[in-house]
Structures are given as C-alpha cells and as structure tokens.
Amino acid sequence: LPMVIFEPVAVIRHILRRVGMQDSEMMIDDDRLAAFIKRGRVLMVRRAASRRHYPEHWDLVGGHAETDEPLDVTFVREAREEVGVTPVVFRYLGCFEDSQCETIYHLYEVTGWLEGEPRLIGDEHTDLAWVAWTMRTSQRR
C-alpha cells in the first residue's frame with residue numbers, strides 16, 4: 001500500500017472549510033524552515049527590525065506557504081527569495097509548533113544548493129552568518 005503523508009495544517013484547514021470557515025478566518029500559520037548545513041555549520045539570518053514576529057532575532061531561512069503550496073515548493077521558493085540559492089539536496093526533518101505565534105514550522109535540512117553561496121536578498125533580513133552546529137543528546141540517569 002502507498003504511504004500517505006498528511007500535512008497537519010492542511011488537515012485542519014480542510015476540516016474548518018467543511019464547517020464553513022473561510023481561509024481568511026483561520027488563524028494558523030504554516031511556515032517552512034531550511035537549515036542550510038555546510039562544513040559543520042548552519043546558516044542563520046537575522047530578522048529585520050520591521051518583522052512582526054521576533055524582530056532582530058536570528059532565524060533559519062524560510063517563510064509562509066502560499067495557498068495550497070506543497071511543503072518542499074515553499075521552502076525552495078523562500079530560499080531563492082531570501083538568500084538567492086536553490087536547494088537541491090535536502091530532507092524533511094519534521095515539524096514543531098510555536099503556540100505564541102499560532103504557527104506550525106516544518107523543518108528541512110539542506111546540504112546542497114545551486115547559484116553559489118547564500119547572500120542576503122530583499123529587506124526581510126539584515127545579516128547572515130554560518131554558526132557552529134553541534135548535536136547534543138541528553139542522558140537521563
């Protein structure tokens with residue numbers, strides 16, 4: 001049997017549409033994030049002071065899905081728009097929720113891209129940096 005993967009927000013939106021809610025009435029944001037990894041470092045971008053959520057905080061590349069836009073299409077589009085590169089080697093890591101902003105984030109690891117090195121494009125971010133990436137596991141006793 002084929003495996004079917006449901007996007008959590010897509011399922012919620014489908015249910016709310018069935019009871020008559022319009023998309024503009026739904027308060028759930030659905031964002032994609034790309035963790036660009038190179039030589040043990042992850043690319044971080046600093047959000048502009050004008051951003052509504054978390055202004056001037058460091059973040060991963062990413063953003064909102066357009067209506068009915070698939071997960072991978074969104075984060076590839078956002079990468080092009082924000083840092084001028086096209087992810088070509090990536091994998092989906094999972095999702096997590098930020099209840100403060102009523103947002104579900106879908107996280108991708110990106111290890112290969114086209115169009116050179118990431119660089120700032122547009123005015124959403126004011127800086128970028130490659131930050132040391134370490135995996136730590138907690139050991140309970």
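The values are calculated or read from the model by the stated rules, or taken from the named source; none is laboratory data. What you see is a predicted model, and the numbers here were worked out from it, not measured in a lab. Here the Cβ is made from the backbone with ideal geometry for all residues, glycine too, and neighbour counts use every protein chain on show. Please note that ligands, DNA and RNA were not included when accessible areas were found on the heavy atoms of the full protein model with its side chains. Shrake-Rupley method; radii C 1.70, N 1.55, O 1.52, S 1.80 Å.
What list of ³J(HN,Hα) couplings, whole Hz, do you get for the range 84-96 from phi and the Karplus terms 6.51, -1.76, 1.60, once you set θ to phi - 60° and write x for glycine and proline?
In residue order, the calculated couplings are x, 10, 10, x, 10, 10, 7, 8, 7, 9, x, 9, 8 Hz.
At a probe size of 1.4 Å, how large is the accessible area of Leu33, to the nearest 10 Å²?
Per-residue accessible area (Leu33): approximately 10 Å².
Taking amide H positions as placed in the peptide plane 1.01 Å from N, state which residues far from Phe36 in sequence (5 or more) or on other chains have amide H under 5 Å from it.
Long-range HN contacts for Phe36: Leu43, Val61, Val110.
Can you tell me which of 87-98, 42-53 comes out highest on packing, and rank the rest after it, using the mean Cβ neighbours within 10 Å?
Numbers: 87-98: 13.3, 42-53: 15.4.
The densest-packed peptide leads the list: 42-53, 87-98.
Mind checking the full-extension length gain between His57 and Ile121? Use 0.36 nm per residue of separation minus the Cα-Cα distance, one decimal, nm. Walk me through the intermediate numbers first.
Details: separation 64, 0.36 × 64 = 23.04 nm, distance 1.73 nm.
The span from His57 to Ile121 would gain 21.3 nm if fully extended.
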